[in-house]
Amino acid sequence: MEGQPIVQPKPSRFGRALLYFLLGLAALFAVSTYMGGSLVGGDDLAAEKIAVVEVAGFIGDSRDVIRQIRNFREDDSVRAIIVRIDSPGGAVAPSQEIYNEVLRSRPDKPIYVSMGSIAASGGYYIAAAAERVFANPGTLTGSIGVIMAFSNLEGLMEKVGVKPEVIKAGKYKDTGSPARAMSKKEKKYLEHVVDDVHQQFIEAVARGRDMTPDAARKISDGRIFTGRQALELNMVDELGGLEDVIASLGKRLGIDGRPRVVQERDRESFMEWFLRSQVPDSIKNASLTTGQPALQFLWIP
């Protein structure tokens with residue numbers, strides 16, 4: 001009726017909770033975006049810094065690691081770089097790209113490697129490029145080899161009544177197809193490809209570790225080694241953890257006390273983390289087991 005006040009409906013308890021949740025997400029997103037990409041570990045303006053770059057997990061993309069190494073190499077306040085490796089390896093090309101960036105950095109400033117729990121295959125490929133390599137006694141390393149795996153699903157397809165039809169130009173174009181068995185000629189052809197990449201691995205180890213090709217070839221049969229065994233084989237230079245590497249570099253650089261250690265903060269925003277965290281691990285890792293065949297420097301126990 002005219003003259004009576006208009007009463008606004010109160011938001012439900014669920015509506016208020018949703019509003020607070022969205023406001024909280026917005027605040028966290030803003031904070032994480034503001035903080036992303038910065039350095040942790042001390043005053044950015046201070047000198048006498050040692051930078052740490054992490055290579056962790058499956059090596060599938062080299063761009064972020066290369067960017068970090070390059071930035072620290074060009075930063076005059078950073079006296080040395082530590083590449084911390086905790087990886088079973090990964091794709092061939094990214095491992096080679098990081099290896100080359102480590103080699104490129106050696107004339108400009110000391111660059112050491114610290115091995116964590118595992119630095120195998122592509123992880124060792126990268127380590128071999130460093131000026132000095134530290135491993136823990138129980139680190140798993142080595143696995144100098146190349147793998148290219150295929151699955152033959154021909155029998156399964158016959159059972160379920162699937163009959164693929166392939167049109168190709170070039171007799172080797174569908175080599176490795178899961179729809180049929182591989183011929184002897186195709187296996188021989190792929191063996192040549194794998195052997196060539198394996199030879200590249202051997203040459204990279206020989207160059208980085210200052211070995212003869214014959215010495216590098218003797219340890220390049222795919223075996224893994226403990227850190228202590230690797231030391232005896234001249235695959236690493238010293239036994240010790242990350243703190244030992246920091247202390248060694250500090251002594252070499254003439255820094256009094258523990259050097260200031262800096263590391264790039266994760267650039268991932270809160271929203272990116274939130275969305276990624278909703279994806280089950282089984283889906284995240286699916287590409288490692290069900291993806292297309294690819295040449296890999298990868299240790300698969």
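Every read-out reported here was derived from the displayed coordinates using simple, explicitly stated rules and does not represent laboratory data. These numbers were taken from a predicted model, which means no experiment stands behind them. Here the Cβ is made from the backbone with ideal geometry for all residues, glycine too, and neighbour counts use every protein chain on show.
Per-structure values
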read-out	value
Charge sum, other residues only, whose C-beta stays under 14 Å from T212's C-beta, Lys/Arg counted +1 and Asp/Glu -1	+1
Theoretical gain in end-to-end length, L156 to D61 [0.36 nm per residue, Cα-Cα removed]	30.8 nm
Within straight-line cross-link reach of K163, aspartates and glutamates at Cα separation under 17 Å, skipping those fewer than 8 residues along the same chain	E154, D174
Cα-derived Rg to Rh of the stretch 126-221, Kirkwood definition	1.17
Fully extended contour minus Cα-Cα distance, from D75 to D210, at 0.36 nm per residue	45.8 nm
FRET E, pair I167, V193, Förster distance 22 Å, beta-carbon r, rounded to 0.05	0.35
Residue (of I82, I69, I59) at the positive-pole extreme of the stretch 39-170, dipole from beta-carbon charges	I59
Net +/- balance of residues flanking F225 in space, Cβ distance below 14 Å, scoring K and R +1, D and E -1	+2
Across K49/K251; K109/K251; K184/K218, pairs whose alpha-carbon gap is larger than 24 Å	K184/K218
K251-N100 pseudo-label distance in nm [points 7 Å out on the Cα-to-Cβ vector]	3.6
Relative packing of peptides 203-210, 179-186 - highest average C-beta neighbours within 10 Å first	203-210, 179-186
